[in-house]
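Remarks on the structure that follows.
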Amino acid sequence: MNFLNFLEPLGLAGLAALAPIVALYFLKLRREERVVPSTLLWKKVIKDLHVNAPFQRLKYSLLLLLQLLLVALLAFALARPFLNMAAETGTYTVLLIDTSASMATRDSGPDGKRSRLQQALEDAKQKIDDMGRIDEMCIVAFDEDPRRITPFTNDRSYLKKKLIELEPRHLRTQAQEAFQTALAMAEERRGGEVVVLSDGSFDKLSLQQLLGEAALGANTEEVSMARLRKFRFVKYGKEYTDNVGITNISARTRLVSQGTGADRLEQLETQLFVMVENYAIDDVKAILTISSDTGSFAPMVKVVDLKARVRGAESLNAEATGRTMEDSRVAQAFRLPPNYTGVVTATLSTQNGEDSFALDNIGRVVVGGSEGMRVLLITQANYFIEKVLVVMKGCTVAKMSPEDFEKDWSQRGAQSVAEYDAIIFDGIAPSRWDDGGAIFLGVLPPLPGFKVKTVDAEAGAEPKPVKLEWPKIVDWDVAHPAMRYVNFGNVQIKEVQGWEIPKTSSVLVEGSGGPLIVATESDRVNAVGVAFELLASDWPYRASLPLFLRNAVGWVSEVSPRRRPMAQRTGEMLVLPPVDGAPTATLAWPEGARTLEVALSATTKQRVPNIDTIGLYRLTGITGDPPEGRIYAANLADPRESDNVAQDAVQIGEESLEATPSAVEGKREIWRNLVFVAVCLLLAEWAIYHRRVGM
Amino acid sequence: MSGTAVKSPPGALLTPEFMARLDALAVVSKKILAGKLRGERRSRKKGESMEFADYRNYSQGDDLRRIDWSLFARLERLFLKLYQAEEDLSVYILVDASASMDFGGVNKFDYARKVAAAVAYIGIANLDRVSIGVYGGGGEEHVMPDIRGKKQVLRLFKFLSEIKPHGQTDLVDACKRFILRNRRPGICLLVSDFLDPNGFEGPLKALVANRMDTFAVHVLAPEEVDPTLAGDFMLVDSETGERLDVTASRTLVENYQKTVRGFCSSLQQFCAARDVTYLFASTDLPFEVLVLNYLRTAGLVR
């Protein structure tokens, strides 16, 4: 390995300029006149030295020497010499740059105020500058997914241009796939290496996945280590953090009753849940402020005491220290005014104002359904239910006949019931149900796992559904929200359908022959199924029916798409509901950074990827919507990103990839130093020249 | 020796204090030279001084006053008492006033004329016959012959002060002209830098051949002996205007210094071979020290 090499050896051709300088020196040597008493003795001296006079003339001519040195230095600088330092980089380099949210932490650079990504990009630029004539580099950015920014190329300006376009994205880090991709790219080229510019703030990687399970079996440990050595990890950020952040924010709307008797009013109440965590090494007093974007309620402020984060060995010794990780984490609940609609913003600040990571200091939730509960009853005629629903003041009840529903459903699908929070299907059910709250009376819920029990009939005949007559009430689950205050013991049922239900469902009322009322719950569906027709029982005459219906409507409506508080994590796809007429709408990213024309469907949900920025997304252009459009909120809400302590090593299986201090230590170009010295020489020459002339 | 003090005017070549010290000195010669007039110098001849020298037989016509009557009483023969004769001494001072002498932090010509003035003063003070010749370039000469008596001192100083060095050195010509004018043997002090393109041998040979007790005072400036040159220079000869390109490297300067030392050494050897007293005087040596110490050591003054 040569200590000094050149990136542009052709630059050494500049040394040819030395010859004209020497020639000019002889031709245009400016001599200072000096009167001496007699040149008699000088002539004698010159005569003695005459044999090697040209060399003598060159000797100690400081100006000439400086000029020659200057030109030589510039020629060397043109050749872009570099010093090979301790770690020599490969000829083919994959720059794997972490663009996840934690890289936005401002704790890097000389002043400690630069973001980790900015510093990483600076180093990357330097590394691109240091590339040799035949070196090639490719850039891969990673956060949730790896993205190949450039192919292998030697084009420095192209690499730099692409590098400038990189910005921190408000996404979590999924390093495994990125490392695998980078390793595969590096191994495509001989001597390729991967330089990882990251804070290491991600989960342990799997060595098996990284090297490939099959390969791991076949390879010896040495080969595996050699492959791992292709990685060089350059750490950005500090080993401690002052971050306090919102690591989760969600809201839940439920039906609550206000008042009693005739004044009783059903209202929607939204509760906001905010999880605040302290990752700093000191105890922190955090101020959590909940505010409305429209100012419809006064900001709610809470001061939260958070203990210092317990880490490493300390966390294993929780009993001795009396401190646990839970002490640095506090969940706060806020009750919003009834029927509130709009954006709710949770803002976190600390008393000393220090927080280098701002992305997790804000969380937003969009709360919808301002006009209160809307219930759709699909029934031929059911006096009792209608009567019960009318009593629920504050709820808007619409009624539809099964025929109209079927017609509408066949045309618009789920869109036909999208305006309602709860739908009561009386004796009729749609073909499938996958979003929203519904109560199925006397009809099997069209949900996965629900089947009608049948008995095997004679050969060739249709299997017969099982019907149970006069089942005994075995038990009912009073703990379930839908069964609150409901006494089912006095209900007589003439005939019940035999249902097979999935194990995930819960039986609200258990009959002697099977479930009588079941409830099922998932992310997007809350459904209650009653396995008998109301009119085939004496339940309509019991006080428990209105109670049950009110409870059930309240419970199933909690998942209403219309009122579902909209807050998602960055990186998740934005799900847009079907819209009548399938219009084309415009989705604007926060701060108007980007817009996207979205062709909405009339029947199916549209999913929009690249939700990579925290903030409010606005969908505009749909007829009937307010001018500001539909609003969706995206939050970071990721404890792993909030825990932004830079790691000294990347854990890959049992191996650890230790951080090297700098990305650019491989080759250090010294042409700038040479030019600097050359300029100094020029100044010195200028000074000497003027001093002589003035002598 | 006279004790009369001569007051020098302001700007004079010698200070009264220095002249007072010079009063105690006398110019001496290694050879006893015949004087023209009776002076204060012991002659090879027998004369009429107070100092007894010898006896001789009386011969007819001798001065009867010189007969030693005491001896006649004892020996009854007439003897004459002979006394040492005392004569004056010719002191010749030649000063080089070529352009090359007009050089140095302490000007070489200034130094040379002070030395000349001091020696001349000593000679005058001892009733010697002092002649000064100052020879510049282009055959120009300033001569002040046969100065005797201290009354001439101020005139001598004025004479020396008014001369400006210029022109090219031609010591041979200067010496020849000087000898033609001053045939009488005496002490000859030649003050010069001896940087004569025609060489230093000619003038010295001419002086020695004319039975002059010659003293050569070689005046050089320290800048000539150890030049502080570094770099590219065009040296201009102060006498000829000749130009010479030199790149003054350390080696070149060292060679020059060697050459200067060689030049001085060859002049010294030449002088030694011809019974000429050689004195090297760098102008950084105070001329008072030169006169009071060096010239005394060299035997010019006593």
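What the table below lists for this structure:
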| item | result |
| --- | --- |
| Subset of the range A:451-463 [farther than 20 Å from A:Ser512 by Cβ and open to solvent by less than 70 Å² (accessible area, probe 1.4 Å)] | A:Ala457, A:Ala461 |
| Selection count, the range B:89-103, where residues are open to solvent by less than 10 Å² (accessible area, probe 1.4 Å) and either at pLDDT below 90 or not hydroxyl-bearing (Ser, Thr, Tyr) (or both) | 9 |
| Checklist (1) closer than 26 Å to A:Ala634 by Cβ; (2) among the small types (Gly, Ala, Ser); (3) outside any loop (DSSP other than H, G, I, E, B) applied to A:Gly353, failing item | (3) |
| Subset of the range A:27-70 (residues that are within 7 Å of another protein chain (Cβ to nearest Cβ), open to solvent by 60 Å² or more (accessible area, probe 1.4 Å), modelled with pLDDT under 70 and not in a helix (DSSP H, G or I)) | A:Lys59, A:Tyr60 |
| Residue selected from the range B:104-121 under the condition closer than 14 Å to B:Phe159 by Cα and open to solvent by 40 Å² or more (accessible area, probe 1.4 Å), by the criterion nearest to the other protein chains (Cβ to nearest Cβ) | B:Asp110 |
| Matching residues in the range B:231-259 - criterion: being in a loop (DSSP other than H, G, I, E, B), within 7 Å of chain A (Cβ to nearest Cβ) and either free of Cβ contacts under 8 Å to residues at least 12 places away in the same chain or farther than 30 Å from B:Ala273 by Cβ (or both) | B:Ser238, B:Glu242, B:Ser249 |
| Count - residues of the range B:186-203 that are aliphatic (A, V, I, L, M) and facing chain A (nearest Cβ under 10 Å) | 1 |
| Condition met for A:Val466 (modelled with pLDDT of 85 or more, outside the structural domain of A:Pro577 (by TED's automatic domain parsing), touching a Lys or Arg at 6+ places or on another chain (Cβ under 6 Å) and surrounded by 16 or more Cβ atoms within 10 Å (Cβ to Cβ)) | yes |
| Positions within the range A:324-341 being open to solvent by 20 Å² or more (accessible area, probe 1.4 Å) and touching a residue at least 40 places away in the same chain (Cβ under 8 Å), in sequence order | A:Arg329, A:Val330, A:Ala331, A:Gln332, A:Ala333, A:Arg335, A:Pro337, A:Pro338, A:Asn339 |
| Unmet requirement for B:Gly104, which otherwise passes all of (1) touching a Ser or Thr at 6+ places or on another chain (Cβ under 6 Å); (2) in a strand (DSSP E or B) | (2) |
| Scan of the range B:242-279 for residues that are within 30 Å of B:Asp213 (Cβ to Cβ) and among the charged types (D, E, K, R), ordered by number | B:Arg261, B:Arg274, B:Asp275 |
| Residue match in the range A:673-686 (condition: surrounded by 20 or more Cβ atoms within 10 Å (Cβ to Cβ), in a loop (DSSP other than H, G, I, E, B) and touching a residue at least 40 places away in the same chain (Cβ under 8 Å)) | no |
| Where A:Phe179 falls short, out of the listed (1) open to solvent by less than 40 Å² (accessible area, probe 1.4 Å); (2) under 15 Å from the mean Cα position of the chain (by Cα) | (2) |
| Residues of the range A:369-391 classified as touching a Gly at 6+ places or on another chain (Cβ under 9 Å) and either of a type outside the set (S, T, N, Q) or closer than 30 Å to A:Ile281 by Cβ (or both), total | 3 |
| Selection count where residues are in a loop (DSSP other than H, G, I, E, B) and touching a Phe, Trp or Tyr at 6+ places or on another chain (Cβ under 6 Å), scope the range A:265-282 | 1 |
| Residue count, the range A:219-248 (criterion: among the acidic types (Asp, Glu) and not in a helix (DSSP H, G or I)) | 2 |
| Among residues of the range A:488-521, those that are open to solvent by 50 Å² or more (accessible area, probe 1.4 Å), closer than 19 Å to A:Ile439 by Cα and polar (S, T, N, Q), counted | 1 |
| Single residue of B:Leu279, B:Leu252, B:Leu285 found to be buried (at least 18 other Cβ atoms within 10 Å of the Cβ), of a type outside the set (Lys, Arg), over 19 Å from A:Ser38 (Cβ atoms) and touching a helix residue (DSSP H, G or I) at 6+ places or on another chain (Cβ under 9 Å) | B:Leu279 |
| Of all residues in the range B:204-226 being open to solvent by 20 Å² or more (accessible area, probe 1.4 Å) and either within 13 Å of chain A (Cβ to nearest Cβ) or assigned to a loop (DSSP other than H, G, I, E, B) (or both), the one that is farthest from B:Leu189 (Cα to Cα) | B:Asp226 |
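The values are calculated or read from the model by the stated rules, or taken from the named source; none is laboratory data. Everything numeric in this text was worked out from a predicted model, so none of it was measured. Don't worry about glycine lacking a Cβ; one is built from the backbone with ideal geometry, like all the others, and counts go over all protein chains shown. Only protein heavy atoms, including side chains, enter the accessible area calculation; ligands, DNA and RNA are left aside. Shrake-Rupley method; radii C 1.70, N 1.55, O 1.52, S 1.80 Å.
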